[in-house]
Structures are given as structure tokens and as C-alpha cells.
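Report on the following structure.
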Amino acid sequence: MKRVGISIILILAVLALAGPALAGDQAKPTFDSVDKNRDGKIDMGEWLQVWVDKEAAKKNFQKLDRNQDGVLDDADGKIIFAERDKDANNKISRDEYVFDTNDAQAAHDDFVAYDSNRDTYVTWDEWRGNWPFMPYYY
Ligand SMILES: [Ca+2]
Ligand SMILES: [Ca+2]
Ligand SMILES: [Ca+2]
């Protein structure tokens, strides 16, 4: 039991170094995996279950909740999508995605992961399930 506790602490330490830490032993979440009651919205309670650092998670939630209605949903995702989509062609190119981060390599890797059909753009369909977990927007 003691060994398990130490292992968890080590895992959490590694995750903390890697960026915002996810609570528990989970893969990178998707919008729908966090929206436990499947109402199309992530509320603060659902959000906080995902993260180890609850204070940081609260701040991030407030930044992501662009329309300030207390939930994360498609409305916020579309606002942030539009902020990225500088030329307003309804898709986000790599340059639009990466431009304002100081960790361009990590942003590039994320972009490649989200561009699931590999057409070098992230469209709304690819964006919708993932946008709350793109750390560059925090
Ligand atoms: Ca929900
Ligand atoms: Ca909102
Ligand atoms: Ca794509």
C-alpha cells in the first residue's frame, strides 16, 4: 500500500512537470468524457474532477468560459475557434494554431493530434471534442 502511494506521488510529479495535471490514471480527456451527465455542457463540478490542481483548474475554466455563463459548451468553443481562425475560412491552419505560444513544438504536436484526418487543418468537428484541453488557450 505504501509503495502504491509513493508511485502515485511520482506519477503526479511527472504530470505536474508535463503541464496541467490530470487527476487519476486517465488518458487525455475529451469533451464528452468529461460531460458526465451528457447535457452538452461541462460545469465546474465536472471540470474539477479532471484536474489535480483545483485552483489552477478553476482559473482555466473561467478563461475558457468566454461568454461567462458558468458552463463550457459549444458557444465558448466557437468563440475560441473564431479567435484562432484569423482568415475566417472555418478551419484552423497550423500557423493559426501555433502563433502565440512560447512552446511551438508542443503546440505543433497537439495540432497534429487534433487534425485527425491529416488534411493540415483543424475543423470544427475536430475541434469540438478537444478544445477545453488545448492548454494554449488558458
Ligand atoms: Ca454536463
Ligand atoms: Ca460558457
Ligand atoms: Ca483536419
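Just so it is clear, none of the values below were taken in a lab; they were calculated from the coordinates. The structure displayed is predicted, hence computed values, not measured ones. Methodologically, a virtual Cβ is constructed for each residue, glycine included, from the backbone with ideal geometry; neighbour enumeration extends over all protein chains shown.
Table for the structure above
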| read-out | value |
| --- | --- |
| Relative contact order, percent, the stretch 20-137 [alpha-carbon distance under 8 Å, six or more residues apart] | 25 |
| Rounded if a/c under 1.5, otherwise prolate or oblate - the stretch 32-75, Cα gyration tensor axes | oblate |
| Partners for K86 among lysines (Cα-Cα distance below 25 Å; same-chain residues under 8 apart left out) | K63, K78 |
| Pairwise FRET efficiency - D32 versus Q105, Cβ, R0 = 35 Å, nearest 0.05 | 0.80 |
| Label point distance in nm, R118-I79, each placed 7 Å from Cα along Cα→Cβ | 3.6 |
| Under Karplus coefficients 6.51, -1.76 and 1.60, residue-wise ³J(HN,Hα) of the stretch 100-106 in Hz, glycine/proline x | 10, 9, 8, 10, 5, 5, 5 |
